[in-house]
Amino acid sequence: ISDIQYFFSQERDEEISEFAAERVFDFIKESLAPHFYNAAVNDVKTVVEQQYASLEDEILTLERPIK
């Protein structure tokens, strides 16, 4: 909350109350947080897919040739 108040003070030359800063925080949390969360989920999905592909490659190296 204090960071939001500081931002408004520095960037907009505007003093806002703690209540107003809490409202700004709630707005950001409700509006933007889902976007950041979904981006993180997609990042995790990509990492897991890469790790799975690597693990699959490692397992396939264990195969023995059939004559």
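Could you please find all residues in the stretch 15-50 being among the small types (Gly, Ala, Ser) and either assigned to a loop (DSSP other than H, G, I, E, B) or closer than 22 Å to Gln5 by Cβ (or both)?
Going residue by residue through the stretch 15-50, those that are among the small types (Gly, Ala, Ser) are 17, 20-21, 31, 33, 39-40.
Ser17, Ala20, Ala21, Ser31, Ala33 - these are the residues of the stretch 15-50 that are among the small types (Gly, Ala, Ser) and either assigned to a loop (DSSP other than H, G, I, E, B) or closer than 22 Å to Gln5 by Cβ (or both).
Has the stretch 23-41 got any residue that is polar (S, T, N, Q), open to solvent by 90 Å² or more (accessible area, probe 1.4 Å) and within 27 Å of the chain's Cα centre (by Cα)? Within the stretch 23-41, none of the residues are polar (S, T, N, Q), open to solvent by 90 Å² or more (accessible area, probe 1.4 Å) and within 27 Å of the chain's Cα centre (by Cα). In the stretch 42-67, which residue that is more than 11 Å from the chain's Cα centre (by Cα) and of a type in the set (A, V, I, L, M) is most open to solvent (accessible area, probe 1.4 Å)? Only one residue tops the list, namely Ile66.
Among the residues of the stretch 24-58, write down those that are aromatic (Phe, Trp, Tyr) and closer than 30 Å to Ser9 by Cα. Selection gives Phe25, Phe27, Phe36, Tyr37.
The values are calculated or read from the model by the stated rules, or taken from the named source; none is laboratory data. Since the model is a prediction, treat every value here as computed from it, not as a measurement. Cβ coordinates were reconstructed from backbone atoms using ideal geometry, including for glycine residues, and neighbour counts include every protein chain displayed. Protein only, heavy atoms only, side chains kept; ligands, DNA and RNA dropped before computing areas. Shrake-Rupley method; radii C 1.70, N 1.55, O 1.52, S 1.80 Å.
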